[in-house]
Amino acid sequence: MDSQTQMKEAVADAAIKEVKSDMILGLGSGSTAALMIKRLANEINLGKLKNISGVATSFQSEVLALELDIPLIDLASVSQIDLAIDGADEVDPGFQLIKGGGACHVREKLVASKADQLLIVVDETKLVQNLNQSFPLPVEVLPNAWKQVQGVISEMNGSSYLRMATKKAGPVVTDQGNLVLDVLFNDGIKNPKEIEMNINNIPGVLENGLFVDLTDNVLVGKIENNTAVVYSPSKAG
Ligand code: 5RP
């Protein structure tokens, strides 16, 4: 197993320790969240966790939960989620995030916003000093608006490209049937709150992958003496 997978496995394990019986859980998306969902199913099957209901953040997590017999409830039918556990693409020292590497950020943000606690699980490659220096910000756009949105983003000093699918000709189509622009700003993102609002204000934009002031805790996997260990950094500022 490569070291990044070892780190992901370790944080997935640690995250499950935060889950208690009777919880409504937000089930994140991506490879780290998928490992967490598999461990959750294991704990439920062993009878260690009882009466868990999951709220999926994507088609990916929904299919996985169904395959593993984790009871699911629809986002629309819950008024509150106890704990959401999700991965991230970038985490800054103040726990502001870029998400959407898997193009799931619309539902991920809805679930995170409804959760009492948002726990982010990452390997240490995801920790950055400043957001968007290297990982582009995903922006979900209505299909016939992508060119127009791209023009507005370029006026904001952002260069963007339409995310292309692999194993399918043409662009990535999201779970909602939209497209994704991946955006790099010339100087990165120093003011995530302002950028999040400004982008979401562009006509044709559904949601962007900046998660501002939503994260309560972060678990980070790292390799120490050839072994994956987990730590929980304190939030800066
Ligand atoms: C999907 C996401 C994922 O949580 C993010 O891309 C991290 O994925 P991984 O754990 O595979 O690195 O935001 O939209």
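Remark: the stretch 25-36, residue by residue, has Karplus-estimated 3J(HN,Hα) of 10, x, 9, x, 10, x, 6, 6, 4, 5, 5, 5 Hz, where x stands for each Gly or Pro and the curve is 6.51 cos²θ - 1.76 cosθ + 1.60 at θ = phi - 60°. Computed from Cα positions, the angle between helix 3-16 and the longest principal axis of the chain comes to roughly 60 degrees. Think of a 1.4 Å ball rolled over the protein heavy atoms: the chain then has 47 Å² of accessible area per residue. Cross-linked pairs Lys38/Lys193; Lys8/Lys235; Lys50/Lys109; Lys99/Lys222; Lys38/Lys114: Cα-Cα separations exceed 31 Å for Lys38/Lys193. P(r) for the stretch 137-208, from all Cα pairs and a bin width of 10 Å, is 21, 55, 21, 3 %, short bins first. Taking every Cα-Cα distance in the stretch 1-118 and sorting them into 10 Å bins from zero, the calculated P(r) comes out as 14, 49, 32, 5 percent. How far apart, in nm, are two points set 7 Å out from the Cα along the Cα-to-Cβ line at Leu127 and at Asn191? Inter-label distance under the simple model: 2.8 nm. In this structure, the amide hydrogen of Lys235, modeled 1.01 Å from its nitrogen in the peptide plane, lies closer than 5 angstrom to no residue at least 5 positions away or on a different chain.
Legend: P(r) of the stretch 9-72 from all alpha carbon pair distances, 10 Å bins from 0, whole percents, reading 24, 63, 13. Projected onto the charge dipole of the chain (+1 at Lys/Arg Cβ, -1 at Asp/Glu Cβ, origin at the Cα centre), which of Gln60, Val78, Met23 gives the Cα projection farthest towards the positive end? The residue sitting most towards the positive pole is Gln60. Per-residue packing, averaged as other Cβ atoms within 10 Å, sorts the ranges 108-120, 76-88, 43-55, 214-226 into the order 108-120, 76-88, 214-226, 43-55, beginning with the highest.
Treating each Cα of the stretch 61-159 as an identical point scatterer and summing with the Debye formula, the log10 of I(q)/I(0) at q = 0.15, 0.23 Å⁻¹ comes to -0.78, -1.26.
Let's test the formula: R0 of 35 Å, r as the Cβ-Cβ distance of Thr227 and Leu162. What FRET efficiency results, to the nearest 0.05? Using R0 = 35 Å, I get an efficiency of 0.25. Using the Karplus relation 6.51 cos²θ - 1.76 cosθ + 1.60 with θ = phi - 60°, the per-residue 3J(HN,Hα) values for the stretch 94-104 come to x, 6, 7, 10, 10, 10, x, x, x, 6, 10 Hz, with x marking Gly and Pro.
Computed about the Cα centre, the dipole magnitude for the chain is approximately 240 debye when only Lys and Arg (+1) and Asp and Glu (-1) carry charge, each at its Cβ. Computed from the C-beta positions of Lys50 and Thr5 and an R0 of 35 Å, the FRET efficiency is 0.75 to the nearest 0.05. Peptide packing for 154-162, 99-107 was compared via the average number of neighbouring C-beta atoms within 10 Å per residue; ordered from the highest value, the list is 99-107, 154-162. Cα convex hull of the chain: how many Å³ per residue? So the per-residue Cα hull volume is 133 Å³.
The values are calculated or read from the model by the stated rules, or taken from the named source; none is laboratory data. Every value quoted in this text rests on a predicted model; they were computed, and no experiment measured them. Cβ: placed from backbone, ideal geometry, glycine included. Neighbour counts: every protein chain shown. What goes into the accessible areas is simple: the full protein's heavy atoms, side chains included, and nothing from ligands, DNA or RNA. Shrake-Rupley method; radii C 1.70, N 1.55, O 1.52, S 1.80 Å.
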